[in-house]
Amino acid sequence: MGNTRSVRIFTPFTELPFAGHPTIGTAFVLAQLGEITLTGDGTRVVLEEGVGPVPVSIYAKDGDPTGAQLTVALLPEAGPEPPSNDILAAILSLDIEDLLTGPDRPQAFSCGVPYLCIQLRNSDALRRVRINRDLWSRHLENYWAPSVYLFTANSDLDPNRLHTRMFAPSLGVEEDPATGSAAVAVAGYLASRSEMKNGILRRQADQGVEMGRPSLLEIEAEIKDGAITAVRVGGSAIMVCEGSIEIP
């Protein structure tokens, strides 16, 4: 716990109080640079963010970092009712039948950054999504959760593996290849609907496939006596570039 660092996270349009991949990436890079001393296969650190302290476990093999997992500082919070399915379908350029209803209807959740979680019928519907910016501006731009996290549990790969996409026009992100803060929001969505009373709900989430930048996220929601007590997201990481800044 003595390895705490303060972190600020920015998108092209705004500053965020929390984000998953910058958190995991920061912990990984600090370990890669030797700023954090690894203490075996798992090293616990804490990053201070706008939502508060975010615990992170850094994974390592043979002394080198391989990935990380964070635990959210804020447990999932449900938001207000979203627009109707016919409006959402139009925003997504889909047929209304592509959106699920009943207990699997769209609902907004946040673990520090709100997302409108929309479950689609299958991966084919997910691939066909195109955001209608005019309709998004009219119906979602000022909604509690203007960022949209789309997913289907009927993945082509595995029934327990989600296929996901994320769009956040208000953050300056047309589509994101990997979104940890959205993954923990959907963990809240899934756990709130689960019949599990005690245990850990686990899912894998594929994202970025349509962008040619596939990622795999590991999601966990811990449940005790029917209540969500912890949510975690993590995965592997690699160094893709490095640079230096000269200060006169």
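The values are calculated or read from the model by the stated rules, or taken from the named source; none is laboratory data. Computed from a predicted model, the values in this text were never measured in an experiment. Heads up, the Cβs are rebuilt from the backbone with ideal geometry, glycines too, and the neighbour counts pull from every protein chain shown.
Give the residue that is farthest from the chain's Cα centre (by Cα), with candidates limited to residues of region 188-200 that are assigned to a helix (DSSP H, G or I) and under 12 Å from residue 229 (Cα atoms). Before you say what the answer is, go through the steps one by one.
Here is the first cut: in region 188-200, the residues assigned to a helix (DSSP H, G or I) are 188-193.
Checking the rest, the ones that are also under 12 Å from residue 229 (Cα atoms) come to 188, 191-192.
Details: 188: 11, 191: 15, 192: 17 Å.
Ranking the qualifying residues of region 188-200, first place goes to 192.
Only one residue in 118, 87 is assigned to a helix (DSSP H, G or I) and of a type in the set (Val, Ile, Thr). Which one?
87
Under 8 Å between Cβ atoms, which residue pairs at least 6 apart in sequence (or on different chains) link something in region 235-248 that is outside the structural domain of residue 27 (by TED's automatic domain parsing) with a partner that is exposed (fewer than 10 other Cβ atoms within 10 Å of the Cβ)?
Final answer for the pair search is none.
From 28, 13, 18, grab the single residue that is of a type in the set (Phe, Trp, Tyr), under 24 Å from residue 109 (Cα atoms) and surrounded by 15 or more Cβ atoms within 10 Å (Cβ to Cβ).
18
I'd like to check something: does region 155-173 contain any residue that is modelled with pLDDT under 95, assigned to a loop (DSSP other than H, G, I, E, B) and surrounded by 19 or more Cβ atoms within 10 Å (Cβ to Cβ)?
Within region 155-173 (the criterion being modelled with pLDDT under 95, assigned to a loop (DSSP other than H, G, I, E, B) and surrounded by 19 or more Cβ atoms within 10 Å (Cβ to Cβ)), the answer is yes, since at least one residue qualifies.
If residue 26 meets every condition in (1) closer than 26 Å to residue 75 by Cβ; (2) without any contact (Cβ under 8 Å) to a residue 24 or more places away in the chain; (3) outside any helix (DSSP H, G or I); (4) hydroxyl-bearing (Ser, Thr, Tyr) apart from one, which number is that one?
Only one criterion is unmet by residue 26, namely (3).
Looking only at region 111-136, count how many residues are among the hydroxyl-bearing types (Ser, Thr, Tyr) and crowded, with 22+ Cβ neighbours inside 10 Å.
Initial filter on region 111-136 (among the hydroxyl-bearing types (Ser, Thr, Tyr)): 115, 123.
Still in the list and also crowded, with 22+ Cβ neighbours inside 10 Å: 115.
Total meeting the criteria: 1.
Considering only residues that are at pLDDT 95 or above and part of a loop (DSSP other than H, G, I, E, B), look in region 215-245 and name the one that is farthest from residue 177 (Cα to Cα).
225
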